[in-house]
Amino acid sequence: MPCLEENYDIVVVGAGHAGCEAALACARLGLNTIVFTVSIDSIALMPCNPNIGGSSKGHLVRELDALGGEMGKNIDKTFIQSKMLNESKGPAVHSLRAQADKQSYSREMRITLENTDHLTVRQAEVSEILTEDGEIRGVKTSSGAIYYASAVVLATGTYLRARCIYGDVSNPTGPNGLQAANYLTDSLKVNGIEMFRFKTGTPARVDKRSIDFSKMEEQFGDEKIVPFSFSTDPDSIQKEQVSCWLTYTNEKTHQIIRENLDRSPLFSGVIEGTGPRYCPSIEDKVVKFPEKERHQVFIEPEGLYTNEMYLSGMSSSLPEDVQYQMYRTVKGLENVKIVRNAYAIEYDCINSRQLKPTLEFKAVKGLFSGGQFNGSSGYEEAAVQGFMAGVNAAMKLLGRDAVVLDRSQAYIGVLIDDLVTKENHEPYRMMTSRAEYRLLLRQDNADLRLSRIGHEIGLVSDETFKKIQEKEYAIEEEIRRVEKTTVGANQRVQNFLERHGSTELKTGVTLAELIRRPELNYFMLAEIDDDRPRISRDVAEQVDISIKYEGYLKRQKQQVVQFKKLESKKLDVDFDYNVVGSLRKEAVQKLNLYKPVSIGQASRISGVSPADISVLLVYLEQMRRNK
């Protein structure tokens, strides 16, 4: 029977946050690309929390933007509240977080996809990958249509053999009742790909009109809004913001949960998948932290044109009647009405150790993977993986070098390295504590760190890159100026210091020396800095951080030099570690399993000790001398 056949350079399977970034990157690099989705209406869907960014996740979005991705630009168009988190702490952990209008976010991303040259959007379920001699040839849809391609990017999110569960109810659907993708898993297994079963969950959505906000703490956005995208004019996004609200669970809430644990599919064994440790259900929190008298619940709007509110912190898979009981014990929710029940969702994903650092499968050439399908959680983690998978698929077809960010360059590098190197038995979530060089990898300097790479890839324009270079020059010039500019111990300066609780001067000092004082900063010194040039706030921020944290920054840069030495010692991915006689048996097994690309990656594999690395270094040196 004849069937539809078409040819493309690259096929992207899935149009969530990972799929959108992958498809846009490939198409913008001039490759004829088609992206498949089970529903056109689910493009860039936010099936869980209605926000972008947050602790460490904000770093990822900023880095993605610096490389030429779309997520930062899209949230700047569609946010309804914006807040910089952790401002009372050091700059390494400052993270931007924005509430989104869910419908607007999805609509704007769809508009972007549909109006991008070289990109076709197609509603269909991909049921099979087509391979020949361990190399990708294309995909087949459930209708029998064949789409030939030289590279395929899998970004299936939480849709593969998905089922949504609460209480005794188990629906074989993807998030929000959308169609699940039920056939692709078998095709992947036939091609030797190992699959995991993970789960995540989401809280109920409730009717705004049934909430008593007078019993809650109002949460405001920042007075001065900072954009996610470095290309967004800050003045263009200053607008009135929508409030969020904070309330708490209590002992009565917890008692209801404890009394109904036998009805929770999470504890009864109905749910088989492994859930996220760092975003647990309310049942998990009550069981694992019995000493806690209350847990935070943030009431967040889903958008400007809906009354649906998201109960952040209370995801659950308890039965419908129990959900009503427990939600109504929370202050302000005594008469709440549920619009959509909370539920858990189970889905198939891969063991990400099967991937190279490029996010290409080791077993199937030309097959790449990104997003929650890789065993991660979160929109932001998904988006950056989709982008990197798309970029490397494009690089492969264009005959160019792969793009791999290491742990010293970006949070993206940390995320992907953790996924392909470490054993992940639960959905992976990015955190600032995972990044060894987090003082260097701040969200405020992502453009300075990564725009050059984005420009070399071809996704950051000449004009944008020139602006980054001008910014870099302005920072260097101003640092030089404040290092040389001296202020005397005159009465004006002494009065300034006294007002700010700073020790008086005995002799003249440079402005840089004053900036290094804990109680002072670059911005405050404008009062006594008569020759200060007019510079942008983001330039001033870099000057302040560079001077104030100079010692710490130098120390981390020295650590990076040592890290780079190990990363530069490359390993043959086909090397048989059984020939290295002095390696421990566990190390041999793990090294042969992971096939690391460098000594640095080998050192991060669980079960490979520093002594094993020393043995390996000696062996490699002997091999080099014997050549």
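The values are calculated or read from the model by the stated rules, or taken from the named source; none is laboratory data. As the structure is a prediction and not an experimental result, all values here were calculated from the model. Methodologically, a virtual Cβ is constructed for each residue, glycine included, from the backbone with ideal geometry; neighbour enumeration extends over all protein chains shown. When the accessible area is computed, the model is the full protein with side chains, heavy atoms only, and any ligands, DNA or RNA have been set aside. Shrake-Rupley method; radii C 1.70, N 1.55, O 1.52, S 1.80 Å.
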* Asked: Would you pick out the residues in the range 158-175 that are open to solvent by less than 20 Å² (accessible area, probe 1.4 Å) and of a type outside the set (A, V, I, L, M)?
  -> Thr158, Cys164, Gly167, Gly174, Pro175
* Count - residues of the range 40-72 that are open to solvent by 10 Å² or more (accessible area, probe 1.4 Å), assigned to a loop (DSSP other than H, G, I, E, B) and either modelled with pLDDT under 95 or β-branched (Val, Ile, Thr) (or both) -> 4
* Any idea which of Glu477, Glu426 is part of a helix (DSSP H, G or I), over 26 Å from Glu70 (Cβ atoms) and either open to solvent by 60 Å² or more (accessible area, probe 1.4 Å) or at pLDDT below 95 (or both)? -> Glu477
* Structure fact -> Per the list (1) under 15 Å from the mean Cα position of the chain (by Cα); (2) without any contact (Cβ under 8 Å) to a residue 24 or more places away in the chain; (3) not in a helix (DSSP H, G or I), residue check on Gly413 breaks on (3)
* Restricting attention to the range 516-568, which residues are more than 19 Å from Asp444 (Cβ to Cβ), open to solvent by less than 60 Å² (accessible area, probe 1.4 Å) and of a type in the set (S, T, N, Q)? -> none
* To do: List the number of the failed condition for Glu218; all other conditions in (1) modelled with pLDDT of 95 or more; (2) within 30 Å of Ser82 (Cβ to Cβ); (3) crowded, with 17+ Cβ neighbours inside 10 Å; (4) not basic (Lys, Arg) hold.
  => (3)
* Asked: Does Glu463 meet the test of being without any contact (Cβ under 8 Å) to a residue 12 or more places away in the chain, open to solvent by 70 Å² or more (accessible area, probe 1.4 Å) and either touching a Leu at 6+ places or on another chain (Cβ under 7 Å) or among the charged types (D, E, K, R) (or both)?
  -> yes
* Structure fact -> Of the conditions (1) part of a loop (DSSP other than H, G, I, E, B); (2) touching a residue at least 60 places away in the same chain (Cβ under 8 Å); (3) not hydroxyl-bearing (Ser, Thr, Tyr), the single one that Glu223 does not satisfy is (2)
* So which residues in the range 303-326 are surrounded by fewer than 24 Cβ atoms within 10 Å (Cβ to Cβ) and closer than 14 Å to Trp245 by Cα? -> Glu308, Ser312, Gly313
* Residues in the range 238-255 that are part of a helix (DSSP H, G or I), touching a residue at least 24 places away in the same chain (Cβ under 8 Å) and open to solvent by 20 Å² or more (accessible area, probe 1.4 Å): how many? -> 2
* Asked: Is it the case that Phe496 is more than 21 Å from Lys471 (Cβ to Cβ) and among the aromatic types (Phe, Trp, Tyr)?
  -> yes
* To do: Filter the range 104-136 down to residues that are closer than 19 Å to Phe368 by Cβ and without any contact (Cβ under 8 Å) to a residue 24 or more places away in the chain and give me whichever is most open to solvent (accessible area, probe 1.4 Å).
  => Asp133
* Structure fact -> Per the filter on the range 176-215, residues part of a helix (DSSP H, G or I), open to solvent by less than 20 Å² (accessible area, probe 1.4 Å) and among the basic types (Lys, Arg) are none
* To do: Considering only the range 308-410, give the strands (runs of 3 or more DSSP E) lying wholly within it that have at least 1 residues that are touching a Leu at 6+ places or on another chain (Cβ under 9 Å).
  => 308-312, 343-350, 367-369
* Near pairs, Cβ below 9 angstrom, 6+ apart or cross-chain, from the range 483-511 (in contact (Cβ under 8 Å) with a residue 24 or more places away in the chain) to any residue that is of a type in the set (Lys, Arg) and open to solvent by 90 Å² or more (accessible area, probe 1.4 Å) -> Thr510/Lys484; Leu511/Lys484
